[in-house]
Structure formats: C-alpha cells, structure tokens
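The values are calculated or read from the model by the stated rules, or taken from the named source; none is laboratory data. None of the values given here were measured: they were computed from a predicted structure. Virtual Cβ from ideal backbone geometry, glycine too; neighbours counted across all protein chains shown.
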Amino acid sequence: MRRLVGNLKVLTLALVFLTTTNTTAQTWESILELSGSANGANRSLIVDPLTTSAYLPNLIVTGKTLDPVDSMPEKLHRLHQPMPDQEGLLEGLDVAGQTIFSLAMDRNGALYSAGDYRLNTAQSAWLIRRSGDGGSTWSTVRDFTLGGSTAQARGLTVTEAGTIVVCGFAFDAGNYSHWIVQTSSDGGYNWNTQDLFRSTRASSLSTGENMVWASGVAEAAGPNGGLFVVGSRGNGSAGLWTVLRSRDGGQSWQTKDSWLPSSRGSSRARKVTVDALGRIFVLGDAGSWDESWISPWVVRMSADGGETWKTIFGPWHEGRQPVPWDLTVDSAGNVWIAGQILREYPVSKRSTYYLSTATVVQLRETVSGAWNYTVHAVSPECPDNGSASAASITADAAGHVYVNGTYRTSSTTPRTWFVKRFTP
C-alpha cells in the first residue's frame, strides 16, 4: 500500500477571527496542509472504522494529490491524526477511479462509498463500492444507469438494521432527470430501485435547468423516526426543497416538507443529519432562480419525526453566490455547516473584486430553544469564485469537529488541500 507523506505538516494553533454577530475568536488546528492538490472536490470525510484512538481517531478523507502516476479523478485516503507538534501521515487507498460523494459504514465496520465513474467519454454511471478492511481493498456492489448521459449516487447511509440506502439522480435517454433511491438489505448483493420523481422537461446538469435530484439521506431512530431523503425538484431554473420520509425501510416514501419561501424564488435541500434526540436537520439554500446570484444558507429542523418543520438558521448569506455543502452534529448537540462564501469588494463604479473563503458555521441551541450562530473562516480570502471551499465536515465521539477543503491564493498557484480540527 502506497503512503504519501510529501508536504504534510502540522501547523501551530492559530486564532481565526470570526465575521459574524458573535465577535469572539475560535481556534482551529490544521492536521493536513498539502500544497499542489489537483482539484477542489473533497466531498467526503468520516471517522475511520478501524481507528484505535477514541480521542484522536484516524479519518477517511477524499481529495486529489499531484502524484504523477495517479490519473484518478479523486482519491480516498486514510489520515493518521497527529498529536500536537507531530507530523501527519496520509495513506492512499484504492477506489478504482470513482468520484466519491458520500461515505458510510455499517455496524460491523464495513465501509461504503457512493459516487460515479466514467463509462465512456459521453456517459457516467452510478457506483457503490464496499470495503471490509477499512478501505485497503474494494469491491463494486452496484453499478447503475438509466441509459442517459449521467447517473450519480449522491447520498449514502447504512441503517441500524443493516440496510444500505443510496439516493441520487440519473438521466434517461431523453435527458429527463430522475430522483432515484436504492436499498439493499443483504450487503449489496441485491437491490431495490425506486424512481420517485421525473423532470417534466429535458434537464441540464451544467445549468441546473429542470433538474430533479436527491443528495442526502439519514436515519432517525425511535418511534417517531424513519429514513429521510432530501433534494430538489426543478421546474425551469427554479428548484423546490423536498424532504421525503420512509418508515418501512425505504420501500415507500411520503413527502414531509416542500419548502419554498417565495413563489418567484428557488430552494434546494442538500444534506440531512440527525442528533442524539432524534431531531432531523436539513441543510440547503433558498434564493433567486439564477443560482449565480444570492442563495442564502438555510437549516430547517423537525423534532417530531418530520411532521412539522421550522427554520432555525437563515436565510443567511455574506456576499454573492454562497454555497452550503455539508453538515454534521457534534456530541454536544451543536450543528456545523461547511461551505464557501463569496464577498464583493467594489473597486470602482463599474468594477468589483470578488474573494472567496472556506467557511464553517456553528449553530448552538440556547436554553430558550433559540439557535445562535458563529461563523468560522477556515481559509484565507482567495481571489474569484471557487478558489476556497469547505466541502465536507464530520465530528468524533470526543467532540472534535473536522472540516475537509481546499483553497488557492491566486489563479496561477496550485490548490492547497487542508483538513482542520476544532477542539471544544
């Protein structure tokens, strides 16, 4: 197994000043800082199922290095966490050229990845893979397409009963997009496919026109729980925030939240997670039909198994074109959001300068039930859109929070891949 050490280093603790209504400072520590990353995907991050440390566990992370013999679009790695003032170790894992959108593990420690891969120059296929040895070796358990140009498995979870649940979208031969949910109760040998929604017109992934897609799935325990899948149902340029619930293991689904704050706007549910109390949190954005304009971040919560919902954060934005990518809940019940913001700085009456920042927002519930937020900048401000982004986030049992992302300080410099740790 090839190990990549390269330019890894542990940075000294640095205070990150917050741009929010809360003016206190917080501390993040970089546990991976790798210059020369080839892209800015970094969509997945979970605690290693084979870790031996409960306090500082190893992590499974996605990212891309500039290894000259590596032609994969994205790589999976095990990040051996350093203690303070020690060097980290990045260990390459085999995923056979898959772009990874989600990772999950079952109760026995088996690891699953969900994403897509290129069938040929014109088509991609939905791909689910399994590893029983912590990511060292993998086998494909699901390969799926509807015959169109694109099929992507976006959301992934494994229930307490051991059912694998995957959600995403697929194009048919006529370029209509479909909201797809697949389940397997036997470790991926057999699959049940449900085509829940279909676009009313031909879809475009590049522009978002008429897109129907699911992007997140989670299980809430208890009698008021169930499986929850979130996504958007598009009509023209507008999307509709959609939350589905299943209480029979994914065999049937009911719509529990269709949220659109303005009839002339658009909304998209992107990720879902649950806390120890069984409350469901859905992350997304709501804004104009044109996604290149302001699309504020939103978190909605249900405390009764999806019957009723309330907005606990947002609509919130700083600058233009903010994008929320992922969320998690830590052991203290705080909700964390990862994404990017793009601020505008006018240079003249006809000229504006844009700077993007990888950003994490922390939500804390007060005694009265209100939610306060703190904004953490986890990268420098970088020129132009897409130059800095926090793409995935998770928490461990000890309360640490980890964020996976990239930034580049100019259009001509290589990206820096980072993983940062917040210690409460």
- request: Select from segment 366-424 the residues that are among the basic types (Lys, Arg) and modelled with pLDDT under 90 and write down the one among them that is nearest to His80 (Cα to Cα).
  value: Arg415
query: Do any residues in segment 238-251 that are free of Cβ contacts under 8 Å to residues at least 24 places away in the same chain have Cβ atoms under 7 Å from those of residues that are crowded, with 17+ Cβ neighbours inside 10 Å, where the two are at least six apart or on different chains, and which pairs are they?
result: Ser246/Gly226; Ser246/Leu227; Ser246/Trp253; Arg247/Gly226
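Condition test on Leu66, is it among the aliphatic types (A, V, I, L, M), under 30 Å from Arg142 (Cα atoms) and at pLDDT 50 or above? Working first, answer last.
On the way: among the aliphatic types (A, V, I, L, M): yes; under 30 Å from Arg142 (Cα atoms): yes; at pLDDT 50 or above: yes.
Yes, satisfied.
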field: Subset of segment 200-253 (residues that are surrounded by fewer than 23 Cβ atoms within 10 Å (Cβ to Cβ), under 28 Å from Val158 (Cβ atoms) and basic (Lys, Arg))
entry: Arg245, Arg247
field: Residue check for Gly369: touching a residue at least 60 places away in the same chain (Cβ under 8 Å) and either charged (D, E, K, R) or closer than 26 Å to Val230 by Cα (or both)
entry: no
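Conditions tested, residue by residue: (1) surrounded by 18 or more Cβ atoms within 10 Å (Cβ to Cβ); (2) out of contact with any strand residue (DSSP E or B) (no Cβ under 7 Å at 6 or more places or on another chain); (3) small (Gly, Ala, Ser).
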residue: Phe101; (1), (2), (3): yes, no, no
residue: Met105; (1), (2), (3): yes, no, no
residue: Asn108; (1), (2), (3): no, yes, no
residue: Arg118; (1), (2), (3): no, no, no
residue: Leu127; (1), (2), (3): yes, no, no
residue: Asp133; (1), (2), (3): no, yes, no
residue: Thr140; (1), (2), (3): no, no, no
residue: Gly148; (1), (2), (3): yes, no, yes
residue: Ala153; (1), (2), (3): yes, no, yes
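Which one is nearest to Ser302 (Cα to Cα), of the residues in segment 342-386 that are among the hydrophobic types (A, V, I, L, M, F, W, C) and not in a strand (DSSP E or B)? Even if it seems obvious, please write down each step before you answer.
First, the residues of segment 342-386 that are among the hydrophobic types (A, V, I, L, M, F, W, C): 342, 347, 355, 358, 360-361, 363, 367, 370-371, 375, 377-378, 382.
Remaining after also requiring not in a strand (DSSP E or B): 367, 370, 378.
Details: Val367: 18, Ala370: 14, Val378: 29 Å.
Checked segment 342-386; the qualifying residue nearest to Ser302 (Cα to Cα) is Ala370.
Collect the residues in segment 241-278 that are under 19 Å from the mean Cα position of the chain (by Cα) and either among the hydrophobic types (A, V, I, L, M, F, W, C) or assigned to a loop (DSSP other than H, G, I, E, B) (or both), keeping them in residue-number order. Quick ask: steps written out before the conclusion?
Narrowing segment 241-278 to residues under 19 Å from the mean Cα position of the chain (by Cα): 241-244, 267-275.
If the condition is that a residue be under 19 Å from the mean Cα position of the chain (by Cα) and either among the hydrophobic types (A, V, I, L, M, F, W, C) or assigned to a loop (DSSP other than H, G, I, E, B) (or both), then Trp241, Val243, Leu244, Ala269, Val272, Val274, Asp275 are the ones that fit.
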task: Scan segment 192-210 for residues that are farther than 18 Å from Ser263 by Cα and in contact with a Phe, Trp or Tyr (Cβ under 9 Å, 6 or more places away or on another chain) and jot them down.
output: Thr193, Gln194, Asp195, Leu196, Phe197, Arg198, Ser199, Thr200, Arg201, Ala202, Ser203, Leu205
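Inside segment 96-111, can you point out the residues that are closer than 17 Å to Thr62 by Cβ and in contact with a Gly (Cβ under 8 Å, 6 or more places away or on another chain)? Quick ask: steps written out before the conclusion?
First pass over segment 96-111, keeping only residues closer than 17 Å to Thr62 by Cβ: 96-105, 111.
Of everything in segment 96-111, those that are closer than 17 Å to Thr62 by Cβ and in contact with a Gly (Cβ under 8 Å, 6 or more places away or on another chain) turn out to be Gln98, Thr99, Ile100, Phe101, Ser102, Leu111.
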message: For segment 121-150, which positions are at pLDDT 90 or above and over 23 Å from Gly162 (Cβ atoms)?
response: Gln123, Ser124, Ala125, Thr145, Leu146, Gly147, Gly148, Ser149, Thr150
